[in-house]
Amino acid sequence: MDRLIVSPSPHQKSNMSTQGIMLCVLVSLLPAVVASGIIFGLKAILVILTCVSSSLIFEYGCRLIMKKKQTISDLSAAVTGVILSLNLPATIPLWQAIIGSFIAIVIVKQLFGGLGQNFANPAITARIVLMLSFTSSMTTWVEPFFYKKNDIVSSATPLVKEWVNGQSPFSYKELFLGTTGGCIGETCALALLIGGLYLIIRRIISPATPVAFIGSVALLAWISGGDVLYQLLSGGLILGAFFMATDYVTSPVTNKGRFIFGIGCGVITFLIRQFGSYPEGVSFSILLMNILTPYIDRFTRTKPIGTKKQIAQNDKKMKLPKAPLVIMLICGSICGLLIAAYEATYTDTTGLITDSLQKGLNEIYGESDTEYRMLKNEDGTVKTYDGVTSIIVNDNKQVAFEIISDGYTKGGLHTLIGIDENGKLKNISIISISETQGLGTKVKNRSFLDQFVGIDSDDYNVEGITGATYSVKGIKNAVNLAINIYNEHKEEILGE
């Protein structure tokens, strides 16, 4: 042997091909697919078949048009289709599922060069686009089919289901087995754990990312005083941790990098769940960390064996690239200026009847010369009851409750509810609303709000707005709260 052959890495090869890896992933997803069929019925299986078949067709057609070698045999398109479908509700229109497949395969994967070239997870990106484009369809979940008495029964996911007296709306058993509302593949923790453990045992994925992802959410939930087990078993955390955050192409290559990636996903997920408008943050967190993956790889890369000392020292001194550093400085400066401007212009309106509240009072009771006042405690603070922001009255014993309630978004409904002297609902004024545009905002329509006029208890029926389940529920909760508080504290409120 008279020649030394030098070639780029990897130098250690494996008998496992791309097709073999994707086949293992498909096998690991089978428990979730079977569970979805058992829990949500044939509609779930139809959505899965639609996503898989359309993903394969789009990959074949795109490679044909681009005159590139066909890659559908590597099964990556099938994996994308299955994962995308597991992130969709069983009731989604099939044409929207097909659009999701198009976004995942054509736009995110093939237009960036195909497998190995995409900067973000195709299924996650497609889910987020569908969520923002077809919010109604993507947030209309159903109960397990064997619970249904009608064809479709709207249900909330565990993350947005209302707790009663501090008690969980679902048992741990229901969460573990998946007999709750939610997307097709995210409800059954048992099936997902079986699939995830299979991938780890086969060494298809490293446990670093799932452990860091799930562990950071658990730690933050514990620190914040939340129900740790409920947070872990709810939503798409397990699905995301095992099957989406571990994507070879869009996640770091080193174990240290994977651990950092998982922690980042966990922190962002917790923050969105705790403080964001959307009830779930798994997809958003993974997408954001996908963007940071090249930088994580760069700063966690191992030192090559055999490099010169000077080169190794230069690597240690490596700094952030100039462009990202400049962008970070600009963004930091803008944030600082915005905070300074906010502090300089902020006016505390606590305890004041603002123009928007006065407008709402005029809408409920009509314009009047009688002056309204906000009830206050002896120490001058605004009098509140559980869930009531403030109570406004006048000398004519006209009462209005200011209530901020949750719809699809947290605190998305700011209402003013008038109760007359007989304890009946006089009218409702929407002060502000941050619900889904075009659908959730329909609760502002008088045809909907007028249904509540005249009721004096929480025993009533109103015709809701199809697809705006959470917005309608938020209005009803606000109405019930106002009536109950008035009946319980009437004398105190009216000063009798």
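What the table shows:
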{"quantity": "From the options ILE38, ILE105, residue that is closer than 23 Å to CYS183 by Cβ, part of a helix (DSSP H, G or I) and in contact with an Asp or Glu (Cβ under 6 Å, 6 or more places away or on another chain)", "calculated": "ILE105"}
{"quantity": "Test: residue in the stretch 484-496 that is touching a residue at least 40 places away in the same chain (Cβ under 8 Å), part of a helix (DSSP H, G or I) and under 14 Å from ASP406 (Cβ atoms)", "calculated": "no"}
{"quantity": "Top-ranked residue of the stretch 195-206 - restricted to ones that are small (Gly, Ala, Ser) and assigned to a helix (DSSP H, G or I), ranked as nearest to VAL267 (Cα to Cα)", "calculated": "GLY196"}
{"quantity": "Whichever residue in the stretch 29-39 is under 12 Å from GLU186 (Cα atoms) and not hydroxyl-bearing (Ser, Thr, Tyr) and, among such residues, is surrounded by the fewest Cβ atoms within 10 Å (Cβ to Cβ)", "calculated": "PRO31"}
{"quantity": "Checking GLY61 against (1) over 25 Å from SER28 (Cα atoms); (2) touching a residue at least 24 places away in the same chain (Cβ under 8 Å); (3) small (Gly, Ala, Ser), the condition it does not meet", "calculated": "(2)"}
{"quantity": "The stretch 68-88 - residue that is touching a Gly at 6+ places or on another chain (Cβ under 8 Å) and more than 13 Å from LEU26 (Cβ to Cβ) and, of those, surrounded by the fewest Cβ atoms within 10 Å (Cβ to Cβ)", "calculated": "LYS68"}
{"quantity": "Any hit, the stretch 46-60, residues being part of a loop (DSSP other than H, G, I, E, B) and either of a type in the set (A, V, I, L, M, F, W, C) or under 14 Å from VAL33 (Cβ atoms) (or both)", "calculated": "no"}
{"quantity": "Residue match in the stretch 127-139 (condition: assigned to a loop (DSSP other than H, G, I, E, B) and of a type in the set (A, V, I, L, M, F, W, C))", "calculated": "yes"}
{"quantity": "Unmet requirement for LEU416, which otherwise passes all of (1) out of contact with any Leu (no Cβ under 6 Å at 6 or more places or on another chain); (2) at pLDDT 80 or above; (3) within 23 Å of GLU491 (Cα to Cα); (4) in a loop (DSSP other than H, G, I, E, B)", "calculated": "(4)"}
{"quantity": "Matching residues in the stretch 209-225 - criterion: being surrounded by fewer than 21 Cβ atoms within 10 Å (Cβ to Cβ) and over 20 Å from LEU190 (Cβ atoms)", "calculated": "SER216, LEU219, LEU220, ALA221, TRP222, ILE223, SER224, GLY225"}
{"quantity": "Set VAL228, VAL249: member being surrounded by fewer than 18 Cβ atoms within 10 Å (Cβ to Cβ) and without any contact (Cβ under 8 Å) to a residue 24 or more places away in the chain", "calculated": "VAL228"}
{"quantity": "When residues of the stretch 144-169 are limited to those that are of a type outside the set (Gly, Ala, Ser) and buried (at least 19 other Cβ atoms within 10 Å of the Cβ), the one modelled with the lowest pLDDT", "calculated": "VAL160"}
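Table: residues versus (1) assigned to a strand (DSSP E or B); (2) over 30 Å from THR139 (Cα atoms); (3) among the polar types (S, T, N, Q).
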residue: GLU367; (1), (2), (3): no, yes, no
residue: THR370; (1), (2), (3): no, yes, yes
residue: ASP379; (1), (2), (3): no, yes, no
residue: ILE391; (1), (2), (3): yes, yes, no
residue: ASN396; (1), (2), (3): no, yes, yes
residue: PHE401; (1), (2), (3): yes, no, no
residue: GLY407; (1), (2), (3): no, no, no
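The values are calculated or read from the model by the stated rules, or taken from the named source; none is laboratory data. Here the structure is a predicted model, which means the values were calculated and not measured. Positions of Cβ are generated from backbone atoms using ideal geometry, with glycine treated the same way; all protein chains shown enter the neighbour counts.
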